[in-house]
Amino acid sequence: DRSESLHSDYRASLPNQIQLTIGSDDLSSGGAPLLTDSSGHAILLVMELIWLGSFCFRIRSREATIVTDPCPKSSGYAIGKVAADIVTVSSDHPDNSNLAAVAGAPLVIWGPGEYEKAQVLITGIATDRQPSEAAKSTAYVIETENMRICHLGRLSHVPTSDEVEEMSGVDLLLVPVG
């Protein structure tokens, strides 16, 4: 129902795929605006978030398609060949960095820093326990469609207060489990 103020559609079309659609891209059918700001102006959110398996998500907005931590088939998840404009890699571990599973010529983001492509802002936040650790890890805050999404990636510890501060104000948090 397009007239709902905010809807989500969970669909498990594949055993390892979960989809969350936020917003509506068609108000022409008389549907109400999805959200309003403090002045009452309509805010239209259109985004699709699909968990592809392991640490891998596909975030599709009007501006770009972002893939996080593309995983190999050996991880137990067959994600196929996923088209992307931007790829974030939280760790150089093979389960997080399978760029062969990504189609196109995306911007590949491998670590801390600030990045921008196609009106998508991405901040990489180092989440290493100690700088000398062999396995480096990066969490990403992705800003698109007036939303802040944080993908914690291969985080292996409770974030420090400084890391939490950098991740503050997110609307959607993607957390590793297991």
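Given points 7 Å out from each Cα along the Cα-Cβ axis, report the ASN146 to ASP128 separation in nanometres with one decimal.
So the label points at ASN146 and ASP128 sit 3.9 nm apart.
With label points built 7 Å along Cα→Cβ from the Cα atoms of ALA100 and LEU121, find their separation and express it in nm.
For the pair ALA100/LEU121, the computed spacing is 3.7 nm.
When only Cα pairs under 8 Å and 6 or more residues apart are kept, what is the percent relative contact order across region 38-119?
Relative contact order comes out at 23 percent.
How about region 41-99: which trypsin sites (Lys or Arg not before Pro) there lie in a loop by DSSP and see at most 13 other Cβ atoms within 10 Å? Could the numbers behind the result be given before it?
Numbers: sites: ARG58, ARG60, ARG62, LYS73, LYS81; in loops: ARG62, LYS81.
In loop regions of region 41-99 (DSSP not H, G, I, E or B), the sparsely surrounded trypsin sites (Lys or Arg not before Pro) are LYS81.
Multiply the residue separation of TRP110 and ALA83 by 0.36 nm, subtract the distance between their alpha-carbon atoms, and state the gained length in nm to one decimal.
Answer, rounded to one decimal: 7.9 nm.
Values quoted throughout were computed directly from the atomic coordinates according to the rules given, and no laboratory measurement underlies them. Predicted model only: the values in this text are computed from it and were never measured. As a convention, Cβ positions derive from the backbone with ideal geometry for all residues, glycine included, and neighbour counts pool all protein chains shown.
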